[in-house]
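Worksheet: the structure to be examined is printed underneath.
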Amino acid sequence: MLLAFFSCWSLQLILGITVRNPLTVVLFACLYLLNKKSAITGKKVLPVLMVSTVSSAIISFFLKTKVTAGFDSALFRLGSMTILFGGLVCLFYIILKVIFSAESKDEKTKAISDNKYLEAIKTKYCNVFNTPLKVFLLCFFSCMFFWLPYFLYEFPGIMTADSLVQYEQIAGLRPYSNHHPIVHTLLIKLFFNIGFLVTGNVVKAISFYTVFQMIFFSISLSVLVMEIRILSGKKNLFLEMIAIIFFALVPFNAVFAVTIWKDIPFAALTILFVCMIIELVNGRGSWIGFIVLGVLFSLFRSNAWIAFILWSAVCVYAFRKNIKMVLVSVFTVLIIVSIIKGPVFDLFGVERPDFVESLSVPIAQIARVLVNDRTLTAKEQELVDMVIDTTYIHELYAPDYADNIKELVRAGNVKYLEENKFEYFKLWAGLMVRYFGDYVSAWIDLLGGYIYPDFSYAVGDIDGIMGNDYGLVWMPQIGGKVVVKLKEIVIKLGGFIPIYGMFWSIGTYSWILFATLFVSIKKKIKVPEMWLLLFMLGTLLIAAPNLEFRYAYSLALVWPLLISRANSSNHA
């Protein structure tokens with residue numbers, strides 16, 4: 001496997017493809033299979049290694065400028081050259097193995113030995129962590145231990161512009177709004193008040209919420225790993241171990257765990273809700289738990305509420321054998337959330353997201369038509385001019401970010417837009433017929449990365465607290481050049497290492513969802529939770545303002561469970 005991995009890495013550097021390009025997976029799989037199916041006798045190993053080394057050195061010399069051109073750091077340039085040379089040695093070794101392939105007794109013995117080694121690891125792991133509870137505890141404490149340095153470095157927690165807007169509501173500096181879920185804002189306020197009561201310091205008080213979030217997040221991930229053990233017993237031990245390693249050691253999980261965003265508790269709730277649905281499929285779950293988690297799931301994200309409404313019919317069909325309970329439970333969730341989002345919000349003066357917020361995609365598509373200077377009819381131009389000033393639209397339009405144009409609309413005549421929704425729908429539809437290519441391009445640039453991995457965007461590279469006038473400052477409890485550089489390196493590795501880099505792209509997890517859903521349908525496995533995740537992804541594809549990993553973060557966390565479910569035997 002290591003030979004195939006480093007060979008793939010060298011080819012990725014030579015070809016100039018990104019680590020998020022699916023081609024890296026294809027190259028790795030082909031090289032792995034070639035290496036696995038070929039073998040050479042002991043006498044041929046040394047000549048093969050010598051030829052591989054000399055050939056790799058020559059090629060590396062001629063390619064050194066190409067593979068180091070994209071790096072400013074001397075450390076990364078040295079690393080890229082080392083990987084290029086080492087990977088080429090592995091690549092030539094595999095190729096020459098195929099050419100001179102002659103399976104020997106020694107190779108068979110080695111393969112048997114390797115299998116015994118892997119079995120020994122499984123046996124030892126299974127003997128120590130032989131119950132779902134022990135697996136839960138292993139995952140929980142692993143996450144908390146490896147996340148702790150990030151908490152100390154980012155103390156009291158990472159706060160961006162969104163976080164500060166919620167803090168302003170907590171501090172009474174702006175009215176409560178459900179643009180960022182009010183339930184999340186109130187949750188932050190609860191732990192902030194407890195922290196301020198204990199410490200009398202606003203900065204330290206923020207850390208009380210961060211600690212709660214870390215614990216809650218770690219619990220939900222541990223429940224997911226425990227669910228894999230419950231579903232498959234000892235069948236998926238390696239998947240179970242990989243999941244724990246992924247949750248505890250992949251840096252963006254630690255960064256998000258200490259970032260004060262709605263997306264993190266929402267991801268945790270999604271995991272718990274998915275696990276509850278699976279338990280109900282297996283006849284072990286609680287409908288009361290379904291209702292509680294369903295309400296929280298729907299309140300923590302606007303698109304989750306839409307997804308739940310659409311998914312309700314799927315849920316009722318999936319649990320039709322228990323029709324009374326499923327109907328009561330689904331309608332209870334729908335009624336409770338409707339009351340909270342309606343009369344309760346009105347009673348307490350909670351502002352709702354404006355109409356423009358839901359128009360990210362159509363606004364971006366019409367803007368693309370305008371930026372491309374397409375011909376509009378007099379009526380179409382009049383409708384555009386009634387809402388926005390197009391003077392600076394070329395400067396403001398960003399293909400991968402809809403908020404600029406949304407703000408342009410907000411600065412214009414929003415009231416006229418709201419009063420003439422059908423006219424503007426006809427405008428959007430009419431332009432789509434004539435300029436369909438512009439619409440498709442606008443959508444791909446804005447949201448294509450949700451379903452295709454090879455899009456470039458930052459993941460987990462945020463630090464500290466954004467500048468503010470409220471006394472909230474970043475107070476690292478550990479630091480120094482070594483800590484700062486180490487964090488920078490572990491984050492950058494996500495854009496440098498093939499295969500591993502695929503996990504830093506939300507499109508990868510969408511492919512896993514599509515693949516596991518397809519396999520489940522083919523095997524007639526009842527997987528209502530996958531349909532809920534599909535509806536959630538669908539809401540992002542039609543309404544997200546831009547491509548952000550955190551918007552679909554819950555999908556990036558459930559992939560081990562999806563794979564486990566696709567191998568289960570719960571038939572519809």
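The values are calculated or read from the model by the stated rules, or taken from the named source; none is laboratory data. Model, not experiment: these values are computed from the prediction. Quick reminder, even Gly has a Cβ in these numbers, built from the backbone with ideal geometry, and neighbours come from all protein chains shown.
How about the stretch 450-487: which of its residues are touching a Ser or Thr at 6+ places or on another chain (Cβ under 9 Å) and in a helix (DSSP H, G or I)?
TYR450
State whether the residues of the stretch 484-500 include one that is crowded, with 16+ Cβ neighbours inside 10 Å, touching an Asp or Glu at 6+ places or on another chain (Cβ under 9 Å) and modelled with pLDDT of 95 or more.
The answer is no, given that none of the residues of the stretch 484-500 is crowded, with 16+ Cβ neighbours inside 10 Å, touching an Asp or Glu at 6+ places or on another chain (Cβ under 9 Å) and modelled with pLDDT of 95 or more.
Could you say whether any residue in the stretch 275-295 is basic (Lys, Arg) and under 24 Å from ASN178 (Cβ atoms)?
no
I'd like the residue in the stretch 203-259 that is assigned to a helix (DSSP H, G or I) and among the polar types (S, T, N, Q) and, out of all such residues, is farthest from ASN193 (Cα to Cα).
SER232
In contact (Cβ under 8 Å) with a residue 24 or more places away in the chain and assigned to a helix (DSSP H, G or I): does that describe LEU540?
yes
So, in the stretch 435-461, how many residues would count as being crowded, with 18+ Cβ neighbours inside 10 Å and farther than 30 Å from VAL369 by Cβ?
2
Working carefully through the options LYS105, LYS122, LYS134, LYS110, find the one that is modelled with pLDDT of 85 or more and either touching a Pro at 6+ places or on another chain (Cβ under 7 Å) or surrounded by fewer than 17 Cβ atoms within 10 Å (Cβ to Cβ) (or both).
Among LYS105, LYS122, LYS134, LYS110, only LYS134 is modelled with pLDDT of 85 or more and either touching a Pro at 6+ places or on another chain (Cβ under 7 Å) or surrounded by fewer than 17 Cβ atoms within 10 Å (Cβ to Cβ) (or both).
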